[in-house]
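The values are calculated or read from the model by the stated rules, or taken from the named source; none is laboratory data. All of these numbers come straight from a predicted model, not from anything done at the bench. All Cβ positions, glycine included, derive from the backbone under ideal geometry; neighbour counts span all protein chains shown. These area figures cover heavy atoms from the full protein model, side chains too; ligands, DNA and RNA do not enter into them. Shrake-Rupley method; radii C 1.70, N 1.55, O 1.52, S 1.80 Å.
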Amino acid sequence: MPAATEITAALGLMEQVVGVSHECDFPKEANTRPRVTHCPVHNAGLASGEVDQWVRRALRDNGTIYTIDEPLLRELRPNVILTQKLCDVCAVGYGTVARLAETLPGPPQVVNLEPTSLTDIFDDIRSVAEACSVPERAHEIIAGLSERLEFVRHRADRISHRPRCFLMEWVDPPFCSGHWGPELVEIAGGRDSLGRKNQPSAQVDWREVIDARPEIMVLALCGYDISHARRDYELLQSFPDFGSIPAALDGDIYLVNASAYFARPGPRIVDSLEILAGILHPGEFSEFASTGPDDPRVVRAG
């Protein structure tokens, strides 16, 4: 999965990566590796509502939305496979990978990455480093990430106003943020009453969003970059009473590249925290605020 590829790269192991998923695109070297997974709706151009319906149907009928190129995987002969149990929608399920791994030469060690918090993400970096026999490299990486995280936390703690923020993971149907998302909002100096901290994100009734009266909305749509998020923002504007939300009235709605940041539990999750700090408190965190409509990380909607 993309986060695992980013972790291996941060550990200086990219030369040893023999295969990646269909979504791995960072660092750029990942695009030169064989892709061992496939998803029919990846880059298919479907609307978010259509994606949701397809995913639900595929999971009901097949139990998965992905396929693995088994002949290619056998040819690559990996020693270690990095996979996940966190979400059947995010990547190939752990059970599928584990069963296949048992039939491969070796068999390879299967490492499960299943983070629900920032601490878990740092622990995953340690797990990958240990599985690949470079445990000392994880210490330096985590120390650097932790220093940046605490820098934001301490500065945000000095700010008295903590704006109501809705971190949105999907538009049609609406989903709140889960896992590490609400934790990011909290550390960056905001409050997300709809978020599910350390739990899976969940569908919410649109009326709940209206009633929460968020002062700031952040469209961190799972797997979407800013251009895809902009398309869904246009849909969001047609929702009942959208214009009554304080964030809409004040123009405080932001589109972020969730595919690169918020939805990837790897080293760039701290970049996500910094992006949020720049959104919630641009005066205090001006170095992280959007640089304008061409910013690849975050832009103001509209």
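What the table below lists for this structure:
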{"quantity": "Meets criteria (open to solvent by 60 Å² or more (accessible area, probe 1.4 Å), among the β-branched types (V, I, T) and under 30 Å from H281 (Cα atoms)) for T103", "calculated": "no"}
{"quantity": "Filter pass, D211 being more than 24 Å from A9 (Cα to Cα) and of a type in the set (D, E, K, R)", "calculated": "yes"}
{"quantity": "Boolean, S160 is open to solvent by 30 Å² or more (accessible area, probe 1.4 Å), of a type in the set (G, A, S) and assigned to a helix (DSSP H, G or I)", "calculated": "no"}
{"quantity": "Residue among R153, R137 that is open to solvent by 20 Å² or more (accessible area, probe 1.4 Å) and in contact with a Leu (Cβ under 8 Å, 6 or more places away or on another chain)", "calculated": "R137"}
{"quantity": "Test set (1) open to solvent by less than 40 Å² (accessible area, probe 1.4 Å); (2) in a helix (DSSP H, G or I); (3) at pLDDT below 85 - Q53 fails condition number", "calculated": "(1)"}
{"quantity": "Qualifying residue in the stretch 250-263 (condition: surrounded by fewer than 19 Cβ atoms within 10 Å (Cβ to Cβ) and at pLDDT 95 or above)", "calculated": "yes"}
{"quantity": "Residues of the stretch 196-238 classified as assigned to a strand (DSSP E or B) and either among the hydroxyl-bearing types (S, T, Y) or open to solvent by less than 40 Å² (accessible area, probe 1.4 Å) (or both), total", "calculated": "4"}
{"quantity": "Test: residue in the stretch 72-93 that is of a type in the set (S, T, N, Q) and buried (at least 18 other Cβ atoms within 10 Å of the Cβ)", "calculated": "yes"}
{"quantity": "Residue check for D241: under 13 Å from the mean Cα position of the chain (by Cα) and either open to solvent by 20 Å² or more (accessible area, probe 1.4 Å) or free of Cβ contacts under 8 Å to residues at least 60 places away in the same chain (or both)", "calculated": "no"}
{"quantity": "In the stretch 264-288, residue farthest from D120 (Cα to Cα) [restricted to those that are surrounded by fewer than 20 Cβ atoms within 10 Å (Cβ to Cβ) and small (G, A, S)]", "calculated": "G283"}
